[in-house]
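Take a look at the structure set out below.
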Amino acid sequence: MERSCVKSRQIFQIVTQSEMLYLLQALFINNWRVLRIFKSITIRASIAFIIAFVFMLIFGKPFIKWLKKKKYGDTAREEGPQSHFSKSGTPTMGGLLIIGAIIFSTLIAGNFTNKFIIFLFIITILFTTIGFYDDYLKLTKHKNGLSGKKKILGQLIITGLTFAFICKYGIINKTLDFSIVNPLIKGSFLYITPVLFFVFMLFVIIGSSNAVNLTDGLDGLVSGPIIIVSVTLLIITYLTGHYEYAKYLNLYYVRESAEITVYLASVIGALIGFLWYNFYPAQVFMGDTGSLTLGGILGIIVIFLKQELLLPIAGFIFIMEALSVMIQVWHYKTFKKRVFRMAPIHHHFEMLGIPETKVTIRFWIVTIMTCLLTFVILKLR
């Protein structure tokens with residue numbers, strides 16, 4: 001009887017951890033030892049990928065129909081390429097489905113005793129709230145959506161929560177946690193104090209979030225690079241979270257970070273499923289609900305991995321898009337002339353007569369090359 005009570009208490013503790021695959025393992029391990037495979041991060045990451053992908057395929061069409069019924073359609077910019085006018089009315093806010101797939105698959109396959117998974121889960125919901133409210137205002141009340149100041153304020157709060165998380169739980173040690181790591185030189189880093197590191201975090205998280213958002217302008221354009229960059233980060237995360245691999249590649253070992261691979265696998269699966277409906281001609285757009293969230297999450301993950309300076313390399317396309325807008329605005333205000341025919345730069349290439357699909361595929365190819373360069377940098381240093 002006493003032994004039974006002890007076992008019941010143990011099972012109750014596991015239930016409260018919201019870790020579904022681990023619960024199955026604890027209940028049936030004595031009868032089906034094969035369930036021990038669910039301890040493997042690789043297995044659970046694969047499960048998360050499959051679930052997220054299948055989730056998108058199953059709920060994609062019904063969700064698009066619901067968006068059309070609600071008339072949540074995108075509006076083409078009047079000054080934009082003429083080919084975009086035919087896209088007016090295409091459902092947006094597809095990011096809701098992407099985030100739903102990520103949350104659902106992470107709930108099933110993720111280890112919710114892991115501090116990184118819990119935090120990413122919460123932050124994903126917060127980022128999605130900002131993006132959704134922005135999209136909702138654009139479609140129902142204000143064409144311009146959420147004001148820039150309010151959007152930045154929301155991103156500032158999320159950055160503050162990330163900083164508080166690092167201060168409380170730590171990543172590596174008190175010195176490296178508030179340092180900028182040089183990815184080109186082994187063991188090279190610059191300690192900049194917690195206050196300055198918070199400012200640096202603002203640039204990384206808010207910059208990444210908005211850069212990815214600006215890239216979302218053509219069918220399938222942003223989904224492809226996010227998938228490629230996420231695959232790159234997934235591999236780096238797996239290596240960083242295993243002491244032997246991290247030591248061999250001269251990476252800083254981040255305890256418990258390997259679990260982030262499960263989350264990234266969910267992102268990859270969800271986005272590949274989204275591409276099923278988003279590639280040219282798109283049946284649905286991601287909207288700020290998806291792009292702001294996914295961009296911000298990428299920024300947070302590279303901070304956790306202490307690879308902040310690798311993101312501009314792997315995600316060069318995002319940086320190029322953001323810089324094109326900044327240059328265009330500055331040059332026009334200063335000289336009353338445009339540098340590009342239209343910004344972000346993907347529209348510039350369209351205005352030059354390059355077909356939309358060609359621009360998209362070429363941007364994907366560039367991202368593949370920059371991500372390969374990222375791995376070369378990690379190996380050669």
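Every residue, every condition in (1) more than 30 Å from His242 (Cα to Cα); (2) at pLDDT below 95, yes or no:
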position	(1), (2)
Ile313	no, no
Phe316	no, no
Leu323	yes, no
Ile327	yes, no
Glu356	yes, yes
Thr360	yes, no
Trp364	no, no
Ile368	no, no
Ile377	no, yes
inquiry  = Looking at region 139-154, I want the residues that are under 20 Å from Thr90 (Cβ atoms) and have a partner that is surrounded by fewer than 13 Cβ atoms within 10 Å (Cβ to Cβ) with Cβ atoms under 9 Å, at least 6 apart or on another chain. Which pairs are those?
reply    = Leu139/Lys70; Leu139/Lys71
task = For residues that are crowded, with 24+ Cβ neighbours inside 10 Å and not aliphatic (A, V, I, L, M), scanning just region 107-127, find the one that is nearest to Gly220 (Cα to Cα).
result = Phe127
message = Any residue at all in region 285-295 that's farther than 30 Å from Gly241 by Cβ and part of a loop (DSSP other than H, G, I, E, B)?
response = yes
inquiry  = Looking for something under 26 Å from His347 (Cα atoms) and surrounded by 19 or more Cβ atoms within 10 Å (Cβ to Cβ) - is there at least one such residue anywhere in region 323-333?
reply    = yes
ask   = Tyr253 fails exactly one of the following numbered conditions: (1) part of a helix (DSSP H, G or I); (2) within 29 Å of Thr162 (Cβ to Cβ); (3) touching a helix residue (DSSP H, G or I) at 6+ places or on another chain (Cβ under 7 Å). What is the number of that condition?
value = (1)
note = Taking region 164-178 and keeping residues over 16 Å from Ile297 (Cβ atoms) and in a helix (DSSP H, G or I) leaves Ala164, Cys167, Lys168, Tyr169, Leu176, Asp177, Phe178
task = Give Val212, Val231, Val254 a once-over and let me know the one that is under 19 Å from Phe318 (Cα atoms), touching a Ser or Thr at 6+ places or on another chain (Cβ under 9 Å) and of a type in the set (Val, Ile, Thr).
result = Val212
ask   = Taking interchain pairs and intrachain pairs at least six residues apart, which have beta carbon atoms under 7 angstrom, with the first residue in region 213-242 and within 15 Å of Thr370 (Cβ to Cβ) and not assigned by TED's automatic domain parsing to the domain that holds Gly273 and the second at pLDDT below 95 and surrounded by 24 or more Cβ atoms within 10 Å (Cβ to Cβ)?
value = none
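Which ones in region 179-208 are part of a helix (DSSP H, G or I) and touching a Ser or Thr at 6+ places or on another chain (Cβ under 6 Å)?
Result: Met201, Leu202, Ile205.
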Subset tally (residues that are more than 11 Å from the chain's Cα centre (by Cα) and either assigned to a helix (DSSP H, G or I) or free of Cβ contacts under 8 Å to residues at least 24 places away in the same chain (or both)) for region 271-284 = 7
key: Subset of region 341-381 that is hydroxyl-bearing (Ser, Thr, Tyr) and touching a residue at least 60 places away in the same chain (Cβ under 8 Å) - its residue that is farthest from Asn182 (Cα to Cα)   = Thr357
ask   = Can you find a residue in region 231-247 that is closer than 24 Å to Ile58 by Cα and in a helix (DSSP H, G or I)?
value = yes
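Restrict the check to region 209-225 and report whether at least one residue is of a type in the set (A, V, I, L, M), in contact with a Gly (Cβ under 8 Å, 6 or more places away or on another chain) and more than 21 Å from Phe132 (Cβ to Cβ).
Within region 209-225 (the criterion being of a type in the set (A, V, I, L, M), in contact with a Gly (Cβ under 8 Å, 6 or more places away or on another chain) and more than 21 Å from Phe132 (Cβ to Cβ)), the answer is no, since none of the residues qualifies.
The values are calculated or read from the model by the stated rules, or taken from the named source; none is laboratory data. A quick note: this is a predicted structure, and the numbers were derived from the prediction, not measured. Reconstructed Cβ throughout: ideal geometry from the backbone, glycine too, with neighbour counts over all protein chains shown.
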